[in-house]
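First up is the structure itself, then whatever we jot down about it.
Each value in this text was obtained by applying a stated rule to the coordinates, not by laboratory testing. Quantities reported herein were computed from a predicted structural model and do not represent experimental measurements. With ideal geometry, Cβ positions are generated from the backbone for all residues, glycine too; neighbour counts draw on all protein chains shown.
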Amino acid sequence: MTTKRKVILDCDPGQDDAVAILLALASTEIELLAITAVAGNIGIGKTSLNARAVVELAGAETPVYAGCPRPLVRDPVDAAHIHGDSGIDGATLKPPVRPLAAGHAVDFIRDTVRAQPDGEITLVAIGPLTNLAAVLIQAPDVARRVREIVLMGGAIGLGNTTPAAEFNIYADPHAAHVVFTSGARIVMTPLELTHQVLATQDRIQAIRALGSEPARQIAGILDAYPKTTHFGATGGPLHDPCAVAWLLWPELMGGKECRVEIEMSSGPSLGRTVIEWRRQKREANALVLEQVDHATLFQRLIERFAIFR
Ligand code: RIB
Ligand code: CA
């Protein structure tokens, strides 16, 4: 019996964040200590509310902490045009009953990591990196204390928000710079990987056929989620669940240790992840994942969601 992975999930729900939360809650390999919300897809009031509603949809009691309401430096941007004004279009969730956990997400992350032996806690970040950057600025020792930071963000090539930048990095490039220069162990699932994991219609139907309320809500979200066509398939790319899936099934993914730098100058390249993908000239600071067995991953996702009743 492998020991459970203690995880703090930092997110901005967000349609795909909601699916990632449910995957984590459905997986006994993960001990989800808490969810920390950050402003990103939508404002902090809605991301933290949505996180609480998704936890209660799963019948869980995972505490949800609210975090930073805006990026470190740049003016806020959101993705309401993608995720809807609620931040979670396609879902019809009951308003949460349990209140927000008391205290700020940044303080919770810092104190929880320091309270555990080094290497115990994994931070999974699937929104802008503002909360994690605030922790690392306030408490640089957290970088060496965490087991690793597994993040969805960035791109080896083209972005999805601008030609240069993926949303999570674009929304707070200065926070991303703090994280990637912190010395923490980083595993990165960029767009090149997540665009292979598409919620095609047949896959959505298979999830809906599971019949539980969580499965129906996931199918509703995925029906509403904007579609894209990559590698000959059309569906909504499951960006955020890929970061959780790395913890569960790392054997399904591949990539290489690379140097990753963040473009912070204003202009068309703001938020670009500059990745030494072809030639490593400097010390690597991240494992950048690019290959994924998406068919097997999706099959396992569906099997995992079958746990909900
Ligand atoms: O670019 C994809 C990322 O941006 C995902 O985390 C999605 O939720 C949005 O936050
Ligand atoms: Ca997200």
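Being of a type outside the set (S, T, N, Q) and either more than 20 Å from the chain's Cα centre (by Cα) or away from ligand 1 (no atom under 16 Å from the Cβ) (or both) is a description that applies to residue 263.
The single condition among (1) farther than 30 Å from residue 211 by Cα; (2) more than 13 Å from ligand 1 (Cβ to nearest atom) that residue 78 does not meet is (2).
Looking only at segment 219-239, decide whether some residue is among the aliphatic types (A, V, I, L, M) and touching a Pro at 6+ places or on another chain (Cβ under 9 Å). Within segment 219-239, not a single residue is among the aliphatic types (A, V, I, L, M) and touching a Pro at 6+ places or on another chain (Cβ under 9 Å). Among residues of segment 120-130 being within 16 Å of ligand 1 (Cβ to nearest atom) and part of a strand (DSSP E or B), the one that is surrounded by the most Cβ atoms within 10 Å (Cβ to Cβ) is 125.
A quick yes/no check of all residues on (1) under 17 Å from residue 308 (Cα atoms); (2) among the basic types (Lys, Arg):
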site	(1), (2)
23	yes, no
36	no, no
39	no, no
42	no, no
46	no, yes
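Scanning segment 131-144 for residues that are away from ligand 1 (no atom under 16 Å from the Cβ) and polar (S, T, N, Q) yields one hit, 138.
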